[in-house]
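Engineer: Structure provided below as structure tokens; questions to follow.
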Amino acid sequence: MLIALDPCEPLLLYLATTNHVVSVALVVEREEPGHVLKVQRPVYFVSEVLTDTKSLYPQTQKLLYVVVMATKKLQYYFTEHEVSVVTSFLLGEVVRNRDDVGRISKWAVELMGYDVKFVSLTMIKSQALADFIVEWTEVQAPTQKSPMSTGPSSSMGRS
């Protein structure tokens, strides 16, 4: 069940990528009666099947791409709440690197307009959810046949 938010409540964004799919799980962490530890509740999920070009991005670029994608698709949450991106990659350092050029520097500029923090992965429940979504989406995505496998070869049967 997705949950309603309190104004300005901090959020966590979990990322997951495969070769052909990226996804995010936006969650809120709250203290709840009957629970000793804080409980993470899902707020929103976003998933995208990557184009052939984007599927060639290195892992770090895919992770940054999915953060930028999330800021565009979930703009309300990024403008009204502090969002912490939870990842085992050092994306914060990549975004703050002044020597980067190309798409990474463009994405870094886009992310500067939001209150986004990058924190290390310490909580795994919601990460497991993000991983499941990306794996499920990849299984559901239609497979593309290569031009070489569309039919029998014209040279078959010739001697």
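Engineer: With respect to F118, determine if the residue is in contact (Cβ under 8 Å) with a residue 12 or more places away in the chain and in contact with a Gly (Cβ under 6 Å, 6 or more places away or on another chain). Please lay out each step first, then the result.
Structural biologist: Working: in contact (Cβ under 8 Å) with a residue 12 or more places away in the chain: yes; in contact with a Gly (Cβ under 6 Å, 6 or more places away or on another chain): yes.
For F118, the condition - in contact (Cβ under 8 Å) with a residue 12 or more places away in the chain and in contact with a Gly (Cβ under 6 Å, 6 or more places away or on another chain) - is met.
Engineer: So which pairs qualify, if the first residue must be in region 46-57 and touching a residue at least 24 places away in the same chain (Cβ under 8 Å), the second must be small (G, A, S) and part of a strand (DSSP E or B), the Cβ gap must be under 9 Å, and the two must be at least 6 apart or on different chains?
Structural biologist: Short answer, once both residue conditions are applied: V46/S23; V46/A25; S47/A16; S47/S23; E48/S23.
Engineer: Mind listing just one residue for me: the one in region 58-89 that is closer than 23 Å to V21 by Cβ and free of Cβ contacts under 8 Å to residues at least 24 places away in the same chain and, of those, surrounded by the most Cβ atoms within 10 Å (Cβ to Cβ)?
Structural biologist: Among residues in region 58-89 that are closer than 23 Å to V21 by Cβ and free of Cβ contacts under 8 Å to residues at least 24 places away in the same chain, the one surrounded by the most Cβ atoms within 10 Å (Cβ to Cβ) is Q75.
Engineer: Give region 28-46 a look and list any residue that's touching a strand residue (DSSP E or B) at 6+ places or on another chain (Cβ under 7 Å) and in a loop (DSSP other than H, G, I, E, B), or say none. Steps first, answer last, please.
Structural biologist: Going residue by residue through region 28-46, those that are touching a strand residue (DSSP E or B) at 6+ places or on another chain (Cβ under 7 Å) are 28-30, 32, 38-46.
Selection gives E32, K38.
For every residue, the table says whether it meets (1) touching a Lys or Arg at 6+ places or on another chain (Cβ under 7 Å); (2) under 21 Å from L26 (Cβ atoms); (3) hydrophobic (A, V, I, L, M, F, W, C); (4) at pLDDT below 75.
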{"site": "Y65", "(1), (2), (3), (4)": "yes, yes, no, no"}
{"site": "V68", "(1), (2), (3), (4)": "no, yes, yes, no"}
{"site": "T79", "(1), (2), (3), (4)": "no, yes, no, no"}
{"site": "S84", "(1), (2), (3), (4)": "yes, yes, no, no"}
{"site": "Y114", "(1), (2), (3), (4)": "no, yes, no, no"}
{"site": "T137", "(1), (2), (3), (4)": "no, yes, no, yes"}
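Engineer: Which one of these does R96 not meet: (1) under 17 Å from M112 (Cβ atoms); (2) buried (at least 16 other Cβ atoms within 10 Å of the Cβ); (3) among the basic types (K, R)?
Structural biologist: The single condition R96 does not satisfy is (2).
The values are calculated or read from the model by the stated rules, or taken from the named source; none is laboratory data. All of these numbers come straight from a predicted model, not from anything done at the bench. Backbone-built Cβ (ideal geometry, glycine too); neighbour counts: all protein chains shown.
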